[in-house]
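Read the structure below first, then the notes.
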Amino acid sequence: MSIHWVLSKDKTISFLEHPFSDEGAFLGVTIEDILKHLEQKELWDHSRWKTYPLSDNYSEANITTFFNEILDNLLTDLFLCKRRWMGKGANKPLSGFSGAIRKPDLMLCEGSTIKKCKVLEEHQFNLRTYVYVIGLQILGDHIILTLFDWGGSVSTHPLHIHQCPEAFLRVLLGITFGDAVVLDFDTMISPIEEGKKKVQIIRDGKECFVWVNQLLFISGSLHGQGTTVWSGVVTQADFPELEEGQKVVIKDSFVDPLR
């Protein structure tokens with residue numbers, strides 16, 4: 001049975017400060033300072049976001065235009081980032097997703113071309129390179145952040161974009177400017193070329209690698225241990241007790257630290 005939690009509004013504010021802290025996600029720049037900066041740019045007027053689409057004009061294109069307008073007014077002064085939000089996949093399936101029937105409404109991309117989309121950069125072989133999955137819902141003037149991992153999921157309280165501008169910015173900018181860990185990728189698994197990757201292993205305090213070349217098994221369920229099995233080879237430099245290039249099988253599973 002999957003477990004899902006919905007946080008209260010007060011707990012949501014505290015929760016968001018963990019993955020999207022001022023020090024970690026925003027290089028020490030506070031959300032309050034960012035909001036003041038956007039006020040000076042005439043995007044925020046103390047009561048609402050001036051360019052957020054009205055209820056009779058909601059669309060993926062208008063939402064992404066609003067998101068990117070915020071980014072454009074921050075990039076030159078506070079941050080360096082080439083990511084942009086796009087809604088080009090909302091009306092038709094994207095190429096590269098064999099058999100996909102669900103179309104992503106909004107996408108966070110590296111640059112302004114759909115070919116640089118984060119989800120497309122991951123080769124089909126790199127299916128399980130994440131620790132958790134981020135879900136972002138925009139429902140009228142409200143935004144909901146949901147985190148899924150193999151133990152269940154947790155959703156924030158619906159945050160009113162105009163009434164909770166700091167929390168909204170923390171979610172939007174935290175995801176947009178987030179590093180690989182914030183964006184849910186398992187940094188111990190690194191793609192090295194098409195169809196191949198390496199898995200980091202710590203042995204006796206030393207960093208070692210297994211060079212993975214084939215996916216043998218992957219669990220299809222969202223809730224559970226998320227077991228994945230690969231075949232690969234090792235180097236004698238990392239594993240002196242084994243022969244150079246010896247074939248191995250590596251198993252990766254989610255372990256609940258609370259058990």
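Some notes on this structure:
- All positions within segment 17-73 that are free of Cβ contacts under 8 Å to residues at least 60 places away in the same chain, in contact with a helix residue (DSSP H, G or I) (Cβ under 7 Å, 6 or more places away or on another chain) and among the hydroxyl-bearing types (Ser, Thr, Tyr): Thr30, Thr51
- Selection from segment 5-15 of residues that are closer than 11 Å to Leu147 by Cβ and either open to solvent by less than 100 Å² (accessible area, probe 1.4 Å) or touching a His at 6+ places or on another chain (Cβ under 9 Å) (or both): Leu7, Phe15
- Residue list for segment 16-34, filter: more than 20 Å from the chain's Cα centre (by Cα), surrounded by fewer than 16 Cβ atoms within 10 Å (Cβ to Cβ) and either on the phi > 0 side of the Ramachandran plot or among the aliphatic types (A, V, I, L, M) (or both): Gly28
- Residues of segment 49-69 satisfying the condition of being in contact with a Gly (Cβ under 9 Å, 6 or more places away or on another chain) and acidic (Asp, Glu): Glu60
- Odd one out for Pro165, checked against (1) open to solvent by 20 Å² or more (accessible area, probe 1.4 Å); (2) modelled with pLDDT of 75 or more: (1)
- Answer from Thr76, Thr51 - the residue that is at pLDDT below 85, farther than 24 Å from Ser153 by Cα and open to solvent by 30 Å² or more (accessible area, probe 1.4 Å): Thr76
The values are calculated or read from the model by the stated rules, or taken from the named source; none is laboratory data. It should be emphasised that the depicted structure is a prediction, and the values quoted were computed from it without experimental measurement. All Cβ positions, glycine included, derive from the backbone under ideal geometry; neighbour counts span all protein chains shown. Areas reflect the complete protein model, heavy atoms only, side chains present, ligands, DNA and RNA absent. Shrake-Rupley method; radii C 1.70, N 1.55, O 1.52, S 1.80 Å.
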